[in-house]
Amino acid sequence: QVQLVESGGGQVQAGGSLTPSCAASRRLSSVATMAWYRQAPGKQREWVASITSRPSTNYADSVKGRFTISSDNAKNTLYLQMNSLKPEETAIYYCFVLSGSLGSLWGQGTQVTVSS
């Protein structure tokens with residue numbers, strides 16, 4: 001059983017930066033897509049950014065130009081560099097992996113709080 005463990009969340013002031021990471025418990029095979037999602041209190045989980053095996057990246061319009069998704073395959077780790085954070089981006093951030101051999105995997109989430 002592969003586990004995804006997020007870390008690197010925290011509390012920052014508006015305009016600040018955070019870079020949560022997501023580490024897999026072992027090397028992942030046949031990875032099609034890795035992504036970050038977030039869920040704010042009382043709202044549905046929403047997609048934030050994704051990276052494919054090519055690699056190519058895609059971002060939600062609301063984070064384009066401020067967030068950068070990246071992966072380090074040697075460390076089995078996914079990152080999300082977040083700059084110019086806004087209070088409305090306070091949420092639990094989840095990593096997601098779609099693998100041809102392992103199916104869909106979710107991390108447990110890491111809390112990001114942005115204060116005004």
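Observations on the model:
- Filter result for Leu28 (in contact (Cβ under 8 Å) with a residue 60 or more places away in the chain, of a type in the set (A, V, I, L, M, F, W, C) and under 20 Å from Gln111 (Cβ atoms)): no
- Of everything in the stretch 74-104 that is on the phi < 0 side of the Ramachandran plot and without any contact (Cβ under 8 Å) to a residue 24 or more places away in the chain, the residue that is most open to solvent (accessible area, probe 1.4 Å) is Ala74.
- Checking each residue in the stretch 15-32 for being surrounded by 13 or more Cβ atoms within 10 Å (Cβ to Cβ) and either under 12 Å from the mean Cα position of the chain (by Cα) or under 15 Å from Gln81 (Cα atoms) (or both) picks out Gly16, Leu18, Thr19, Pro20, Ser21, Cys22, Ala23.
- Test: Val12 is assigned to a strand (DSSP E or B), farther than 20 Å from Ser99 by Cβ, modelled with pLDDT of 95 or more and of a type in the set (A, V, I, L, M): yes
- Test result for Gly109, out of contact with any helix residue (DSSP H, G or I) (no Cβ under 6 Å at 6 or more places or on another chain), open to solvent by 60 Å² or more (accessible area, probe 1.4 Å), in contact (Cβ under 8 Å) with a residue 24 or more places away in the chain and not aliphatic (A, V, I, L, M): no
- Odd one out for Thr52 among (1) within 20 Å of Gly103 (Cα to Cα); (2) touching a residue at least 40 places away in the same chain (Cβ under 8 Å); (3) open to solvent by less than 70 Å² (accessible area, probe 1.4 Å); (4) out of contact with any Phe, Trp or Tyr (no Cβ under 6 Å at 6 or more places or on another chain): (2)
The values are calculated or read from the model by the stated rules, or taken from the named source; none is laboratory data. Because the structure is a prediction, the values reported are computed rather than measured. Note: ideal-geometry Cβ built from the backbone for every residue, glycine included; neighbour counts use all protein chains shown. Quick note on the areas: whole protein, heavy atoms, side chains included, nothing else; ligands and nucleic acids left out. Shrake-Rupley method; radii C 1.70, N 1.55, O 1.52, S 1.80 Å.
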